[in-house]
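Below is one structure, written out as structure tokens; comments come after it.
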């Protein structure tokens, strides 16, 4: 089966809370083996740790950086940051400022989205810090395969936290597998567990963990590749072919390649498809919200397609009516009916601008109700964008039930009748909220996430009015 569009990467994350288990050696050398075993495959590596081993191993002399993993996590596309490194492996330069992103990097699937939008293909190897910070969690959730190196009982014990994270998120743990690393084959035990690898595997299986048959031996020669007088880091593939570790990495790389080819739709693609479905649903919801919106301003009756700015959006508390209002119409309504400033008053012109500025910064709420005499009164509130009351007053709607206009509150009557009229000729038992919107792009209020924020504010308004 062909991979999904060949433009979505297969993510391999190397993770362990325990330091000194061979995590970075595993990540860097595995990237080289993968590229060597399938030269046409794009292999990219990046690290969330701050030891810069990836850079030391893969950077080419004189390369010009375009950014680091810090820029990647800040939203810069991976294709703008990735560099061609040694051994044919691509890499994104490391950064020692990632801790500054912990508070801003929100959401467990943020990295999955970045990988879905990265433009990378092939296999991306992610090396993580020896802890479960927010970046490590994102690398785990984005992964198609997770290798968890263990070398002793403490590192095996720490694995439970990774498995617990997947349980908390309801994510299938089949991507997780333990690999015994730095196994000293000289150590032998009496009894059924004759060596370190057998012992670790048995304890892993007993805990319900998947453990690979492949393991990585402890090798003095391999250790010397990372610590030597030259200060360089040498790959196992080119400098330790005569060791047992070379064959073990070949076996492990083949296992990863098998998984890669057996995964036509990696998690990055599945997340991309989910995002597209969400966008489609949002578009449908946006169009549904547009349906039924009057083509005219319900205050003046003039078309909303004309040159007059429409700067306010109204919606009833029961969501049965919504629409846009001309800015001047709504501001004049507030002047005339709520602040008792008729058009012919001397202070009208002076007050109009002040009221306009106030209306642009607040949400107006209208709650009409029947009084004991069969008429109506109006509870009017101005709230800030968090739902806190700035102003409240009660206005008598004399003659409203009889349909009598008084020349002052005519605009208010029209607004309430158009938006809250019931089947019996009276008003529905609901309220109306009027929000300021961008006069250049008023319909943006109906798009996600702005409309979701509006609905959250309406929930607070409903609670406030019921109190």
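Things to note:
- Single condition residue 71 does not satisfy, out of (1) in contact with a strand residue (DSSP E or B) (Cβ under 8 Å, 6 or more places away or on another chain); (2) more than 29 Å from residue 155 (Cβ to Cβ); (3) surrounded by 18 or more Cβ atoms within 10 Å (Cβ to Cβ): (1)
- Residue 369 vs. criteria under 19 Å from residue 321 (Cβ atoms), touching a helix residue (DSSP H, G or I) at 6+ places or on another chain (Cβ under 7 Å) and either surrounded by fewer than 18 Cβ atoms within 10 Å (Cβ to Cβ) or in contact (Cβ under 8 Å) with a residue 60 or more places away in the chain (or both): no
- Taking the criterion of being assigned to a helix (DSSP H, G or I) and either surrounded by fewer than 13 Cβ atoms within 10 Å (Cβ to Cβ) or modelled with pLDDT under 90 (or both), the residues of the range 444-455 that qualify are 452, 453, 455.
- The single condition among (1) surrounded by 24 or more Cβ atoms within 10 Å (Cβ to Cβ); (2) over 22 Å from residue 149 (Cβ atoms) that residue 13 does not meet is (2).
- None of 383, 416, 457 is in the same structural domain as residue 309 (by TED's automatic domain parsing) and within 20 Å of residue 292 (Cα to Cα) except 416.
- Enumeration of residues in the range 419-443 that are assigned to a strand (DSSP E or B) and more than 22 Å from residue 360 (Cβ to Cβ): 421, 427
- The residues on offer are 323, 311, and the sole one that is in a strand (DSSP E or B), in contact with a helix residue (DSSP H, G or I) (Cβ under 8 Å, 6 or more places away or on another chain), farther than 18 Å from residue 431 by Cβ and in the same structural domain as residue 421 (by TED's automatic domain parsing) is 311.
- Candidate set from the range 164-189 (those that are crowded, with 17+ Cβ neighbours inside 10 Å and in contact (Cβ under 8 Å) with a residue 40 or more places away in the chain); member that is nearest to residue 252 (Cα to Cα): 179
- The number of residues in the range 135-164 being out of contact with any strand residue (DSSP E or B) (no Cβ under 8 Å at 6 or more places or on another chain), over 13 Å from residue 109 (Cα atoms) and in a helix (DSSP H, G or I) comes to 7.
- Checking 154, 149 one by one, the residue that is surrounded by fewer than 17 Cβ atoms within 10 Å (Cβ to Cβ) and closer than 19 Å to residue 20 by Cα is 154 and no other.
- Of 416, 412, all but one fail to be in contact (Cβ under 8 Å) with a residue 40 or more places away in the chain, in contact with a helix residue (DSSP H, G or I) (Cβ under 6 Å, 6 or more places away or on another chain) and part of a helix (DSSP H, G or I); the exception is 412.
- Options 194, 201: the member that is free of Cβ contacts under 8 Å to residues at least 12 places away in the same chain, more than 19 Å from residue 25 (Cα to Cα) and touching a strand residue (DSSP E or B) at 6+ places or on another chain (Cβ under 7 Å): 194
- Residue within the range 117-130 that is touching a helix residue (DSSP H, G or I) at 6+ places or on another chain (Cβ under 9 Å) and assigned to a helix (DSSP H, G or I) present: no
- When the range 74-96 is filtered for residues that are touching a strand residue (DSSP E or B) at 6+ places or on another chain (Cβ under 6 Å) and under 23 Å from residue 134 (Cα atoms), the ones remaining, listed by number, are 82, 91, 92, 94.
The values are calculated or read from the model by the stated rules, or taken from the named source; none is laboratory data. Note that the coordinates shown come from a computational prediction; the quantities given were computed from them, not determined experimentally. Here Cβ is always computed from backbone atoms with ideal geometry, including for glycine, and neighbour counts include all displayed protein chains.
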